[in-house]
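Below is one structure, written out as structure tokens, with a few remarks after it.
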Protein chains: 2
Amino acid sequence: MSIVAVGSVAFDAIKTQYGKVDKILGGSATYFSLAASYFTQVRVVAVVGEDFTAEHEDVLKRRGICTQGIEHAKGQSFFWSGEYGENLNEAKTHRTDLNVFEKFQPRIPQEYRDSEFLFLANIDPVLQANVRGQMANARLVGGDTMNFWINGKRTELRETLKLIDVLLINDGEAKALAGESNLPRAANKVLAMGPKALVIKHGEYGATVFFRDKTFGIGHHPFRAPALPIEEVVDPTGAGDSFAGGFMGYLASQGELNREVFKRAMFYGGVMGSFAVERFGPERLTQLTREEIDARFQLFRELTHLD
Amino acid sequence: MSIVAVGSVAFDAIKTQYGKVDKILGGSATYFSLAASYFTQVRVVAVVGEDFTAEHEDVLKRRGICTQGIEHAKGQSFFWSGEYGENLNEAKTHRTDLNVFEKFQPRIPQEYRDSEFLFLANIDPVLQANVRGQMANARLVGGDTMNFWINGKRTELRETLKLIDVLLINDGEAKALAGESNLPRAANKVLAMGPKALVIKHGEYGATVFFRDKTFGIGHHPFRAPALPIEEVVDPTGAGDSFAGGFMGYLASQGELNREVFKRAMFYGGVMGSFAVERFGPERLTQLTREEIDARFQLFRELTHLD
């Protein structure tokens, strides 16, 4: 089944201890779409400026991603510049130029509206709700958010959370959203706001999915997937979006949404996140094979499974 | 097979958001011994003062722990007082009275010396090395340390690390010991200092064991065990020592030290840590059954395993 991804297609300048890059393709929808493209048909919705060329679009098209929903506007694309120190979970932002993204009003092409899966990357919750309205037939909606919206648009975000089936956020975001420092208690509070499932990403320690009672008829016991211990995290940018891409892409590729499918989706999320950080930008995600992905899935299994 | 545990038997005053206790039994050897006692015969070596009564000793004896190696000295027992805020990984210490522990010179009773397993809880690395010398026939030696020794007695600790087979420390300690912020790289540096295996405890995220190449003939791929998402952490004191007790106790209970045994030991470590935090002090560890322990082991498995 196909999935529609709505978010940013942007350019990034990134510095890490492994080097720096000046202006490379980035953005939440880019990472998400590339990661998900190994599992299912992806249709992207975003806005770009005149600096986004056919060459950039080909990076997505070569992965079979439908780019019809990318709006080309006058001006420059969203640009972010930042660097990572020893704490790879926190980037120091040097510059954020919203550019054409500032007036982004996502429009879902008619041809996309039969997609049963939808992913709302980290954008204004008001826009997320609007997109959800345009995709009335979506069977499962995934979403992301960040502290900027949790603190700045809490009321709007709370409305949007009622429209999201699976929310994917990190520890700090879950605690901020719930106003609660204990993680499983924070998870329960967030689930009470609307989502049927909540995936909390713990960075290098993996991720846990919490379920609302009776959600999907699969019980409410949490499930925890690992992250791979990685000696050389070249660039952590996009790891979270790549996790979401692997997770949602795998879900969309399966006929049924049962507990086992969710568990495997958690593993595939971790797998795609682990690939993303091996190179600057989304480079590694453009050149994988399904065999490499499944070999790493096997590594994740060996890392955590008793005989 | 039996295990000798050398560390502190002490009293603690603890405050958490769930309440406070004034002077209860604590100490690394206490938590370790109680946790390990569900798996194997434990023999404890420690020093206590006149405030340690027959009633306190019975807490250990009721679990079948041999207390012959507990030295009774004039004065008061080691006393620690502290509290935990929202960050359960870090206690705020109000008071540390070493008392009789200040002159602790561990002596291993002759009757203990046939034990094949030895655990050196977090004490002065010079004493740890001395104890190791008294247990020349030990087949496997586990050890703990802390930033106080890593920063204050680095040279002596480096010598002791050559005598330890399995080192159990947390993320911060591993990074401080290695002088390296990337965890798997830090692990490799610590393994190069002597230990054949390194267990790094990640608090609420579980723990990872790293192996030196060809150690125990079981390859060097790491293995990661979870921690249980716990809504009510009543008192985190002793969680690390209880992990070590479950881990080492299970190893000592097995005939062979293969990869599968190490993996299960990691799970049992997490299981005993999860019980320890459910009540103030070591109370929960005094009243478990092996059935409860194995039921929780099963929970840990379901939390992490694909079908």
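The values are calculated or read from the model by the stated rules, or taken from the named source; none is laboratory data. Please read these numbers as outputs of a predicted model, since none were measured by experiment. Cβ sites come from the backbone with ideal geometry, for glycine too, and all protein chains shown count toward neighbours. Areas reflect the complete protein model, heavy atoms only, side chains present, ligands, DNA and RNA absent. Shrake-Rupley method; radii C 1.70, N 1.55, O 1.52, S 1.80 Å.
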- The condition from (1) touching a helix residue (DSSP H, G or I) at 6+ places or on another chain (Cβ under 6 Å); (2) farther than 22 Å from A:ASP171 by Cβ; (3) within 14 Å of another protein chain (Cβ to nearest Cβ) that B:HIS221 misses is numbered (1)
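Yes/no matrix, rows are residues, columns are (1) hydroxyl-bearing (Ser, Thr, Tyr); (2) closer than 30 Å to A:LYS175 by Cβ:
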site: B:GLU90; (1), (2): no, yes
site: B:THR96; (1), (2): yes, no
site: B:ASN99; (1), (2): no, no
site: B:PHE104; (1), (2): no, no
site: B:ARG107; (1), (2): no, no
site: B:VAL126; (1), (2): no, no
site: B:ALA129; (1), (2): no, no
site: B:GLN134; (1), (2): no, no
site: B:ASP144; (1), (2): no, yes
- Task: Sort out which residues of region B:138-153 are more than 16 Å from the chain's Cα centre (by Cα) and over 9 Å from B:PRO125 (Cα atoms), and write them in order of number.
- Result: B:ALA138, B:ARG139, B:PHE148, B:ILE150, B:ASN151, B:GLY152
- Task: Please enumerate the residues belonging to region A:185-195 that are part of a loop (DSSP other than H, G, I, E, B) and either at pLDDT below 95 or open to solvent by less than 30 Å² (accessible area, probe 1.4 Å) (or both).
- Result: A:MET193, A:GLY194, A:PRO195
- Message: So if I check each of A:ASP171, A:ASP144, which one is within 24 Å of A:VAL209 (Cβ to Cβ) and touching a His at 6+ places or on another chain (Cβ under 9 Å)?
- Response: A:ASP171
- Query: Does region A:265-277 contain at least one residue that is among the β-branched types (Val, Ile, Thr), within 18 Å of A:PRO229 (Cα to Cα) and more than 14 Å from every other protein chain (Cβ to nearest Cβ)?
  - Reply: no
- Note on the structure: Across (1) open to solvent by 10 Å² or more (accessible area, probe 1.4 Å); (2) within 29 Å of B:ASP12 (Cα to Cα); (3) more than 13 Å from the chain's Cα centre (by Cα), B:ASP307 clears everything bar (2)
- Task: Provide a single number: the residues in region A:237-253 that are polar (S, T, N, Q) and either open to solvent by 10 Å² or more (accessible area, probe 1.4 Å) or within 14 Å of chain B (Cβ to nearest Cβ) (or both).
- Result: 2
- Query: Right, A:LEU299: open to solvent by 30 Å² or more (accessible area, probe 1.4 Å), out of contact with any Asp or Glu (no Cβ under 8 Å at 6 or more places or on another chain) and within 12 Å of chain B (Cβ to nearest Cβ) or not?
  - Reply: yes
- Does any residue of region A:118-127 turn out to be in contact with a Gly (Cβ under 7 Å, 6 or more places away or on another chain), open to solvent by less than 10 Å² (accessible area, probe 1.4 Å) and in a loop (DSSP other than H, G, I, E, B)? yes
- Evaluate the following for B:VAL234: is it touching a strand residue (DSSP E or B) at 6+ places or on another chain (Cβ under 6 Å) and either surrounded by fewer than 24 Cβ atoms within 10 Å (Cβ to Cβ) or not polar (S, T, N, Q) (or both)? no
- Task: Would you mind telling me which numbered condition in (1) touching a helix residue (DSSP H, G or I) at 6+ places or on another chain (Cβ under 8 Å); (2) of a type outside the set (Ser, Thr, Tyr); (3) under 20 Å from A:ASP213 (Cβ atoms); (4) free of Cβ contacts under 8 Å to residues at least 12 places away in the same chain A:ASN182 fails?
- Result: (1)
- The correct count of residues that are buried (at least 17 other Cβ atoms within 10 Å of the Cβ), of a type in the set (D, E, K, R) and not in a loop (DSSP other than H, G, I, E, B) in region B:147-184 is 3
- Among the residues listed as B:GLU232, B:GLU278, B:GLU283, the single one being of a type in the set (Asp, Glu), more than 30 Å from A:TYR18 (Cα to Cα) and at pLDDT below 95: B:GLU232
- Can you name the residue in region A:167-214 that is more than 17 Å from the chain's Cα centre (by Cα) and among the small types (Gly, Ala, Ser) and is also nearest to the other protein chains (Cβ to nearest Cβ) among such residues? A:SER181
- Message: For a quick check of your reading of the model, give me the residue pairs whose first member lies in region A:285-307 and is under 14 Å from A:GLY273 (Cα atoms), whose second is open to solvent by 60 Å² or more (accessible area, probe 1.4 Å) and assigned to a helix (DSSP H, G or I), with beta-carbon atoms closer than 6 Å and at least 6 apart or on different chains.
- Response: none
- Query: From the set of residues in region B:131-146 that are outside any strand (DSSP E or B), in contact with an Asp or Glu (Cβ under 9 Å, 6 or more places away or on another chain) and of a type outside the set (Val, Ile, Thr), which is surrounded by the fewest Cβ atoms within 10 Å (Cβ to Cβ)?
  - Reply: B:ASN137
- Which is without any contact (Cβ under 8 Å) to a residue 40 or more places away in the chain and either of a type in the set (Lys, Arg) or buried (at least 17 other Cβ atoms within 10 Å of the Cβ) (or both), of B:GLU57, B:GLU50? B:GLU57
- Quick one: is B:GLU57 touching a Ser or Thr at 6+ places or on another chain (Cβ under 8 Å) and in a loop (DSSP other than H, G, I, E, B)? no
- Apart from one, (1) under 30 Å from B:ASN182 (Cα atoms); (2) part of a strand (DSSP E or B) all hold for A:GLY69; the odd one out is (1)
- Message: List pairs: first residue in region A:229-245 and without any contact (Cβ under 8 Å) to a residue 12 or more places away in the chain, second residue part of a loop (DSSP other than H, G, I, E, B) and among the polar types (S, T, N, Q) anywhere in the structure, Cβ distance under 8 angstrom, at least six positions apart or on different chains.
- Response: A:GLU231/B:ASN182
- Query: When you look at A:ARG95, is it of a type outside the set (Gly, Ala, Ser) and within 20 Å of the chain's Cα centre (by Cα), yes or no?
  - Reply: no
- Given A:GLU260, A:GLU256, which one is within 12 Å of another protein chain (Cβ to nearest Cβ), more than 18 Å from the chain's Cα centre (by Cα), of a type in the set (D, E, K, R) and surrounded by fewer than 24 Cβ atoms within 10 Å (Cβ to Cβ)? A:GLU260
- Note on region B:76-93: residues open to solvent by 100 Å² or more (accessible area, probe 1.4 Å) and assigned to a loop (DSSP other than H, G, I, E, B) are B:GLU86, B:ASN89, B:GLU90
- Inside region B:94-117, can you point out the residues that are closer than 21 Å to B:LYS153 by Cα and surrounded by fewer than 14 Cβ atoms within 10 Å (Cβ to Cβ)? B:THR96, B:GLU102, B:LYS103, B:GLN105
